[in-house]
Amino acid sequence: QVQLVESGGGLVQPGGSLRLSCATSGMIFSWYVMAWYRQAPGNQRELVAHITSGGETHYADSVMGRFTISRDNTKNTIYLQMNNLKPPDTAVYYCNARGTSWWGQGTQVTVSS
């Protein structure tokens, strides 16, 4: 059974930081490009960042310079360090093995003053 479990979300003030984690199991983790997506109410789910097995990264323009995606292949886990958070970052954040329908349950990030 493939499982992806996000954690680390919460309520933070603008300018604050959070680190999200996504622990995976039941898959050969190193085979996959891993990604973070987010979805705000009324919006489509959008790609935030991805990272290849070798560490190559890609970021959405909206988060470039503020977010950092990383992976630990020994722990089968990906991370999203989010700095200088802004209210438009408010969304449910999901992790995904790209090219699959494997998603976590999501973790809520709320940026509000």
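Structural remarks
- Maximal additional length on extending the residue 52-residue 64 stretch stands at 2.6 nm, based on 0.36 nm per residue less the C-alpha distance.
- Radius of gyration (Cα atoms) of the stretch 65-113, expressed as a multiple of 2.2 N^0.38 Å: 1.29.
- Once you divide the Cα radius of gyration of the chain by 2.2 N^0.38 Å, the number left is 0.99.
- Residues listed by number, the stretch 52-87, amide nitrogen under 15 Å from residue 112 label point at 7 Å toward C-beta: 86-87
- Peptides 49-62, 28-41 ranked from most to least packed, by the mean per-residue count of other Cβ atoms within 10 Å: 28-41, 49-62.
- Spacing of the two label points (7 Å from each Cα toward its C-beta) at residue 72 and residue 98, in nm: 2.3
- Accessible solvent surface per residue of the chain, calculated while the other protein chains remain in place, 1.4 angstrom probe, Å²: 52
- Extension gain from residue 83 to residue 23, taking 0.36 nm per residue of separation minus the Cα-Cα distance: 19.5 nm
- Rg of the Cα atoms in the stretch 11-67, relative to 2.2 N^0.38 Å, amounts to 1.30.
- DSSP beta bridges fully contained in the chain are about 90 percent antiparallel.
- Relative contact order, percent, the stretch 1-90 [alpha-carbon distance under 8 Å, six or more residues apart]: 32
The values are calculated or read from the model by the stated rules, or taken from the named source; none is laboratory data. These numbers were taken from a predicted model, which means no experiment stands behind them. No Cβ is skipped: glycine too gets one built from the backbone with ideal geometry, and neighbour counts run over all protein chains shown. Keep in mind that these areas ignore ligands, DNA and RNA; they rest on the heavy atoms of the full protein, side chains included. Shrake-Rupley method; radii C 1.70, N 1.55, O 1.52, S 1.80 Å.
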